Amino acid sequence: MAIDKRIVIFGGSFNPPTLAHEAIMKALLALPQFDEVWVMPSGSRADKTIAVSDAHRLAMLQLVRSASFANDRRLVISDFELQLPRPSETRRTLAELHTAYPGTDFWFALGGDSYHSLLTWPGAEEFADGLPMVVFTADDVPEVATGRALRIPLPPEFDETSSTLVRDSLSRQADAASLVSPAIMEYAARHRLY
């Protein structure tokens, strides 16, 4: 089958989207081999419940798209996985994507932690070997062990940034300016999310 489009999917809970997430989006948009970058919030998983609504997470990602990326048409905020049955599973998402978008070459953007835990994901034995990936890593992560993978260093200033740290800072009304954009801080405060 001919490839019509190459899309890289950056999935996660985005609860909330952080400056590290934005740095990854920027790096993905800079890769010339991809036509689009889909930022795809996940639904709750068997091992993780997401307390903030899908609507809030999508709204925050749209804010990031408009405030930080000037509504770049190549950056797509996708609710595809949110429309699938819960709990979310990558194997189901992959199958549904291939059914819904034949002729599209989907790649997945993963952090080093996600890459190392990939084989523990439900059904990973069905897809892990052939999953095309862009892996964002810290300096000490070994080479990616798959044929279709790009390895991109994660900027060191974001090595310790996590949504958990952001939620903790925002819940204590601490300054989170080094962790999230002003638009996200304002949105989270206005809607009392954390």
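May I ask for the longest run of the chain untouched by trypsin sites (Lys or Arg not before Pro) that are loop-located per DSSP and have at most 16 neighbouring C-beta atoms (other than their own) within 10 Å?
Of all site-free stretches, the longest is 75-147.
Between GLN173, ALA189, TYR115, whose Cα lies farthest towards the positive end of the dipole of the chain when Lys and Arg beta carbons carry +1 and Asp and Glu beta carbons carry -1, centred on the Cα centre?
ALA189
Answer rounded, prolate or oblate for the range 1-102, using the Cα gyration tensor with square roots of eigenvalues a ≥ b ≥ c: rounded when a/c is under 1.5, else prolate when a/b is larger than b/c, else oblate.
oblate
Heavy-atom accessible area of SER66 with all protein chains present, probe 1.4 Å, nearest 10 Å²?
50
Taking the Cα centre of the range 1-63 as origin, sum charge times position over the Cβ atoms of Lys and Arg (+1) and Asp and Glu (-1), and report the length of that vector in debye to the nearest 20.
The calculated dipole for the range 1-63 is roughly 100 debye.
If contacts are Cα pairs under 8 angstrom and at least 6 residues apart, what is the relative contact order of the chain in percent?
Reported as a whole number, the value is 26 percent.
Given the options VAL76, ILE7, VAL134, identify the residue whose Cα lies farthest towards the positive end of the charge dipole of the chain (+1 on Cβ of Lys, Arg; -1 on Cβ of Asp, Glu).
Of the options given, the answer is VAL76.
Where nothing but the Cβ of Lys and Arg (+1) and of Asp and Glu (-1) is charged, how large is the charge dipole of the chain around its Cα centre, in debye to the nearest 20?
Taking the Cα centre of the chain as origin, the dipole is about 600 debye.
Kirkwood hydrodynamic radius (Cα pairs, Å) of the range 65-194?
Evaluated over the range 65-194, this radius sits at 17.4 Å.
Please give the contour-minus-distance gain from HIS116 to ASN71: 0.36 nm per residue of separation, less the Cα-Cα distance, rounded to one decimal in nm.
12.9 nm
Tell me, what % of the accessible area of the range 13-154 is carbon and sulfur with a 1.4 angstrom probe?
Answer for the range 13-154 is 52 percent, counting heavy atoms of protein chains only.
How much length is gained if the chain between LYS5 and THR104 is pulled fully straight, taking 0.36 nm per residue apart and subtracting their Cα-Cα distance, in nm to one decimal?
Here the segment from LYS5 to THR104 would lengthen by 35.2 nm.
Counting only heavy atoms of protein chains, what accessible area per residue, in Å², does the chain have with a probe of 1.4 Å?
52
The values are calculated or read from the model by the stated rules, or taken from the named source; none is laboratory data. These numbers were taken from a predicted model, which means no experiment stands behind them. Heads up, the Cβs are rebuilt from the backbone with ideal geometry, glycines too, and the neighbour counts pull from every protein chain shown. All accessible areas refer to the heavy atoms of the entire protein, side chains included, with ligands and DNA or RNA removed. Shrake-Rupley method; radii C 1.70, N 1.55, O 1.52, S 1.80 Å.
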